[in-house]
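Participant: Structure incoming, see below.
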Amino acid sequence: MTLLLTTQDIARIVARIGLPKMLARMVDYIEDDFRRWPEFEKSPRHAVHSDVGVIELMPIADAREYSFKYVNGHPKNTKEGLPTVMAFGVLAEVATGTPTLLSELTLTTAMRTAATSVMAAKRLARSDARTMALIGNGAQSEFQALAFHHLLGIDELRLFDVDAAATQKLVAHLAHMPGLRVVVCNSTAEAVRGADIVTTVTADKTNATILTPEMIVPGMHINGVGGDCPGKTELHAEVLARASVFVEYEPQTRIEGDLQQMPADFCVTEFWRVLRGDAAGRATEREVTVFDSVGFALEDYSALRLLRDLARELSLGVPVGLIPDLADPKDLYGHLMMDTAAGLARAA
């Protein structure tokens, strides 16, 4: 049987162990898998683009387990009462192809994205970083804010969004967070002023230049998170040119990250090399670092592993008959007819 985890199950997990612990365990799982980077069969995600958004499949596998995530990105969805991003994922055995876990990943993607940001910032931001600008205050912003507060010691957040209602929503959610000062700003430039870390998490699918060179100061770490695709950017190309740039999976980031603006020979470092000690993270206190994060399938693999383990620990989830339980594995038709007859008998 395949274990099914719904959004309610994810909420129960967070309620039982707390969001800070959930995020911390997510960081640990992602770090562990990134250190095993050479063991995975990797590819850029498969994307189907339309005028209004994108639908993607994100597969990855090691010798034991395979996973994929289905995810969309439709910035106009909020006007229809739908989330910009919706996702689910599957974990399966490589040896047999049997799906072992089917899980929601909309809530989980927000947590795994924040955990990935913290994983990178632990090595790329200055150790004394305490102030973060958060540009884009939509659905993912609380997760970024709380992950950096709880796990990296950020005690001041400087907020800006073109949608003032989104900022007020974020302020309301953070209002009673002990030890966290929240400052609402009137522009990106104002929010960035004095920030040690700048996190951009915008959704609009355009070649925007949210961060420009004059906003950047020595020692700053830039966490470029916003939903990525070909033709969508958040950073001016000169910001990248002046920084040390780190990525998840370079072939994918060159297609859809801010890196798409740069020439093919522009040098970047895949972050797994930092975790394995093959490359340096931040080299000096005055260095400007950029994590051009686009989201990679390995992070979802890690998240699915964590969800499975937590479901077992907390006895959550429901086994579902996603795959027929065959008495004779060669008799699929007979199983169908038997179930059909049983269904007709119940109907009668």
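Derivation of every value follows stated rules applied to the coordinates shown; laboratory data play no part. This structure is a prediction, so every number in the text was calculated from the model and none was measured. Methodologically, a virtual Cβ is constructed for each residue, glycine included, from the backbone with ideal geometry; neighbour enumeration extends over all protein chains shown.
Participant: Could you identify which residue out of Leu304, Leu332, Leu240 has the top mean-square fluctuation in a GNM of the chain using Cα springs shorter than 10 Å?
Facilitator: Leu332
Participant: Connecting C-alpha atoms closer than 10 Å in a GNM of the chain, tell me which of Asp28, Asp328, Asp258 has the biggest fluctuation.
Facilitator: Asp328
Participant: Next up: Tell me the relative contact order for segment 114-295 as a rounded percent, counting alpha carbon contacts under 8 Å between residues six or more apart.
Facilitator: Working: 367 pairs, mean separation 41.8, N = 182.
Worked out over segment 114-295, it gives 23 percent.
Participant: Select one label from [x] 50, 48, 35; [y] 68, 50, 36; [z] 72, 44, 41: the one whose number is Cα extents along the principal axes in Å as derived from the coordinates shown.
Facilitator: Working out Cα extents along the principal axes in Å from the coordinates points to [z].
Participant: In the chain, what percentage of the DSSP-assigned beta bridges are antiparallel, given to the nearest 5? Write down the numbers at each step before the final one.
Facilitator: On the way: 28 of 59 bridges.
For the chain, the DSSP antiparallel bridge percentage is about 45.
Participant: Only counting other Cβ atoms within 10 Å, I'd like Arg242, Arg126 sorted with the fewest neighbours first. Write out the running numbers ahead of the final one.
Facilitator: On the way: Arg242 14, Arg126 18.
Listed from fewest to most nearby Cβ atoms, that is Arg242, Arg126.
Participant: Separation of segment 272-324 and segment 140-211 by C-alpha centroid, Å?
Facilitator: Taking the Cα centre of each part, segment 272-324 and segment 140-211 sit 23 Å apart.
Participant: Hey, what angle do you get for helix 332-347 against the long axis of the chain, alpha-carbon based, 0 to 90 degrees rounded to 10?
Facilitator: 80
Participant: Sticking with this structure for a sec: Expressed as an acute angle from 0 to 90° and rounded to the nearest 10, what is the orientation of the C-alpha long axis of helix 164-174 relative to the principal long axis of the chain?
Facilitator: Its long axis makes an angle of about 80 degrees.
Participant: Among Ser117, Gly224, Thr253, which residue has its Cα positioned farthest towards the positive end of the charge dipole of segment 114-295, with +1 placed on the Cβ of Lys and Arg, -1 on the Cβ of Asp and Glu, and the dipole taken about the Cα centre?
Facilitator: Farthest towards the positive pole: Ser117.
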